[in-house]
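A short write-up of the structure that comes next.
What follows draws every value from the coordinates through simple rules; no lab data is involved. Keep in mind it's a predicted model, so treat the numbers as computed, not measured. Note that we place each Cβ from the backbone using ideal geometry, even for glycine, and neighbour counts take in every protein chain shown.
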Amino acid sequence: MAETLKEKTAKGLLWGGFSNGLQQILGLLFGIILARRLSQADYGMIGVLAIFSAVAACMQEGGFIAALNRKKEVTQRDYNAVFWMSIITSICFYLLFFFSAPLIADFYDEPRLTSLARYSFLSFLFVSFSIAPRAYIFRNMMVRQSSIISLVSMALSGVVGIMMAYQGYAYWGLATQNIVFTLSVSVLNYWFSGWRPSLHIDLNPIRDILGFSSKLIVTNIVVAANTNYLSVLLGKFYTVDEVGDFTQANKWNTMGHSLITNMLYSIAQPVLTKTQNEPERQKQVFRKLLRFTAFIAFPAMLCLSLISEEFIVILITDKWLSSAQMLRVLCVSGAVMPISYLFSNLLISSGRSSAYMWSTLGLCAVQLVILGFCVPFGINRMVQAYAIVNILWLGVWFWLSHNEIGLSVSEAVKDISPYLILSVVIVIATWFVTRSVTNLYVCLVLRVAMVAVAYCLALWVLRSTIFKEVILFITKKEIK
């Protein structure tokens, strides 16, 4: 069983990394084309609606995927109840937001948002059909199938978005891109899961998982709000163009750290749940995931921060130069996001949804107060404050999580610090060496190459176990 779980974990990480790598390439390609074609205002129009879509999505999912994953036995009746509950919830939310659309438009003093909101929120209806089959795929660690679903949906929706952008539909193309993505995800989840609902509506099983999932609902709503309310504040106090700049910077930052978090998503909760009755083994598994996360996240995100200006100007032109300054700051906090995500998954897999909920509520409250204080100082100060709070909150996640597996501060520091220190030293050294290079293309390539080569060489010389195991797995040799 240990070997089977180890093999599933390794394959899950491999497929997750492969899939998310391709998704980032597709996202990069589509993002470049769309950003060159569209304006800051187009992205701003979609950005101010993001929080409503995110909150509704949390209510639809309802924590059911994590709750079903934790159940020892899951029946057709359980999946069917989640299916119908998700659809009922989505219909209610769509009607609520449909009639509230004029109020949203009044809040931002932008009449065009009424029709755009009503159209964009159609994605609520489509995504609700995918919750139950997604739960089935997640519980059974069908990472390969999940990867295919994401890649096909992203490719199809990206093509549609680009076609509409070139036809002059502006922000309507971005809205349609999201709708096509959710529709594709729903259809493909049914296809690959093999699970089918029945017409008999029985919501009684929902009561059995509501105690756990209700806390996740609240938490996920707060997470969604925490991720998107900066766009709300910016939309209220600054121009739609400035919102567009932040939306663009945050998109690239999210693409960066989600490459790691999405790799972890498919395996972290299932693996930690399966080992929760073996504390020592669970601790070993968690520490290995922690080292792997730090090994990938720090060099990748700090390097993206280093090349932010060259990256933005080369790919989407200097009209987005303002977003490069925000991207530089966001990527520093983005480096710790996958680690925070891993700690939060430990809490969820251990059934401590209350701790997860209160930590997220606390983070949101602290950020709201600090960002509100920063409003008079400008958009860049708000982004800096947002990043600093996210970094410091990593300590709270550790404090809440260490009692679950007996992970000490010294052990956590031992697992994380080598990769953090090495990445920081290499990135700073690279900046000093290349700061006089004026050609943007040469500077970008040189910086990425120097960081990558120096990091790998240092790990080789230091005989890093994680680095060795990654190489052995890629070359299909046995990992001891």
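Before moving on, here are some points about what is shown:
- Within the same chain, aspartates and glutamates fewer than 8 places from Lys288 are excluded, and of the rest, those with a Cα less than 18 Å from its Cα are Glu3, Glu7, Glu278, Glu280, Glu404, Glu411, Asp415, Glu469, Glu478.
- Sequentially through the stretch 170-181, phi angles give Karplus couplings (6.51, -1.76, 1.60; θ = phi - 60°) of 6, 5, 5, x, 5, 5, 5, 4, 5, 5, 4, 4 Hz, Gly and Pro residues having no value and appearing as x.
- Value of Rg to Rh for the stretch 343-475 (Rh from inverse mean 1/r over Cα pairs, i.e. Kirkwood): 1.07
- Altogether, the Stokes-Einstein calculation at 37 °C and 0.692 mPa s, with the Kirkwood radius of the stretch 320-378 over Cα pairs as Rh, returns a diffusion coefficient of 240 µm²/s.
- Burial ranking of peptide ranges 148-160, 194-206 (average Cβ count within 10 Å, highest at the top): 148-160, 194-206
- Each Cα pair under 8 Å and six or more residues apart adds its sequence gap; the mean of these over the residue count of the stretch 87-160 is a relative contact order of 28 percent.
- Phe377-Cys92 FRET efficiency (beta carbon distance; Förster radius 35 Å; 0.05 resolution): 0.30
- Taking N as the residue count of the stretch 57-200, its C-alpha radius of gyration divided by 2.2 N^0.38 Å amounts to 1.16.
- Relative contact order (%) - criterion: Cα under 8 Å, at least six apart; region: the stretch 331-410: 44
- Listed pairs Lys72/Lys251; Lys72/Lys283; Lys283/Lys468; Lys251/Lys414; Lys72/Lys414; Lys71/Lys414 exceeding 30 Å between Cα atoms: Lys72/Lys251; Lys251/Lys414; Lys72/Lys414; Lys71/Lys414
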